[in-house]
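**Student:** Sharing a structure below in structure tokens format, with a few things to ask.
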Amino acid sequence: MQTTHRLLNGEAVRIDVPDAVDLPGGTSLGVLALEGAGEMQVTAGSPADLSFFLQITGTALDREVALRGGRMLRHGRYAADPAQGVGWAIDVGEHQLFGFTLPTVDLESLTGFLTDVDVQADPLGAVLTPGGRVTWSPYRTLSIAQVVELPPPAEGGGSEGYGYLLDSRRARTGGLDGDRPGVPVRGGRLTRSGEQERHRYGVLESRDFVTYGLPGEDEAVDLVLTSLSEVLVELAP
């Protein structure tokens, strides 16, 4: 099964998971550097992704203000805490762009920074072009988070399948060194987390992406590794 998303900078990413029975949702994440005000993570996803974010953070977007260019910014105090920053969201076609600020960034500053970011709607996801006082963070990379649903096991385990999260991060190196550890597989080189890690996961390294396969339960890491051995994450035309 395949799906395609856009990173927030507009690059298209094709994710192919042959043994998946479903690839629901998919969110794009990036970090903006705000001149003199630190950094701000932004996420683009579905309305359901925004609802989940608001629910787990206890944030209510109960106010709105118009940005230059006509888009409406819905906002509210992050976690309903006066000492926290501003939670916010913008409608971008069928997608939602959302995030929250540091406590030192007030609503006036937020609207000013967002005005410096060109936001365009695309069927595959929101596309951002920072300008003025806003750039992409030089310390954080762009990524896609994709849920993978697998079929139930052939023997035992009931009728329910397994799922895991693919966290695919844009690589900066542009190549795979032949001396790097890992098993050669369809999509690059595959390794697994060390025994000292609190939670087990798999790592798939390719020319363009470093992809983490994060199981819902540590016991399912071998199933995730088997699935990752056939996964392909690549830039699409």
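The values are calculated or read from the model by the stated rules, or taken from the named source; none is laboratory data. Since this is a predicted model, take the numbers as computed values, not measurements. Backbone-built Cβ (ideal geometry, glycine too); neighbour counts: all protein chains shown. These accessible areas exclude ligands, DNA and RNA; they are computed on the full protein's heavy atoms, side chains included. Shrake-Rupley method; radii C 1.70, N 1.55, O 1.52, S 1.80 Å.
**Student:** Report those strands (runs of 3 or more DSSP E) wholly inside the range 178-237 carrying at least 2 residues which are under 21 Å from residue 29 (Cα atoms).
**Tutor:** Ranges flagged: 202-205, 209-215, 232-236.
**Student:** In the range 1-21, how many residues are under 11 Å from residue 236 (Cα atoms) and either touching a helix residue (DSSP H, G or I) at 6+ places or on another chain (Cβ under 7 Å) or polar (S, T, N, Q) (or both)?
**Tutor:** Residues flagged as under 11 Å from residue 236 (Cα atoms) and either touching a helix residue (DSSP H, G or I) at 6+ places or on another chain (Cβ under 7 Å) or polar (S, T, N, Q) (or both) within the range 1-21 amount to 2.
**Student:** Could I ask something else about it? Report whether or not residue 94 is of a type in the set (Asp, Glu) and more than 19 Å from residue 43 (Cα to Cα).
**Tutor:** Spelling it out, it is not the case that residue 94 is of a type in the set (Asp, Glu) and more than 19 Å from residue 43 (Cα to Cα).
**Student:** What residue, of 32, 97, 107, 50, is touching a residue at least 40 places away in the same chain (Cβ under 8 Å), touching a Ser or Thr at 6+ places or on another chain (Cβ under 7 Å) and open to solvent by less than 60 Å² (accessible area, probe 1.4 Å)?
**Tutor:** 32
**Student:** Could you list all residues from the range 199-219 that are within 13 Å of residue 150 (Cβ to Cβ) and surrounded by 20 or more Cβ atoms within 10 Å (Cβ to Cβ)?
**Tutor:** 213, 215 - these are the residues of the range 199-219 that are within 13 Å of residue 150 (Cβ to Cβ) and surrounded by 20 or more Cβ atoms within 10 Å (Cβ to Cβ).
**Student:** Another question, then. For the range 4-12, check the following and say yes or no: at least one residue is touching a Gly at 6+ places or on another chain (Cβ under 8 Å), among the basic types (Lys, Arg) and either open to solvent by 20 Å² or more (accessible area, probe 1.4 Å) or not assigned by the TED database to the domain that holds residue 210 (or both).
**Tutor:** yes
**Student:** Condition first: out of contact with any strand residue (DSSP E or B) (no Cβ under 8 Å at 6 or more places or on another chain) and surrounded by fewer than 16 Cβ atoms within 10 Å (Cβ to Cβ). Now tell me which residues in the range 110-123 satisfy that.
**Tutor:** If the condition is that a residue be out of contact with any strand residue (DSSP E or B) (no Cβ under 8 Å at 6 or more places or on another chain) and surrounded by fewer than 16 Cβ atoms within 10 Å (Cβ to Cβ), then 123 is the only one that fits.
**Student:** Further question on the same structure: Name, by its number, the condition in (1) within 18 Å of the chain's Cα centre (by Cα); (2) open to solvent by 30 Å² or more (accessible area, probe 1.4 Å) that does not hold for residue 126.
**Tutor:** (2)
**Student:** Let me ask you something else. Scan the range 181-221 residue by residue and report those that are modelled with pLDDT of 90 or more, of a type outside the set (A, V, I, L, M, F, W, C) and more than 22 Å from the chain's Cα centre (by Cα).
**Tutor:** Answer for the range 181-221, where residues must be modelled with pLDDT of 90 or more, of a type outside the set (A, V, I, L, M, F, W, C) and more than 22 Å from the chain's Cα centre (by Cα): 184, 186.
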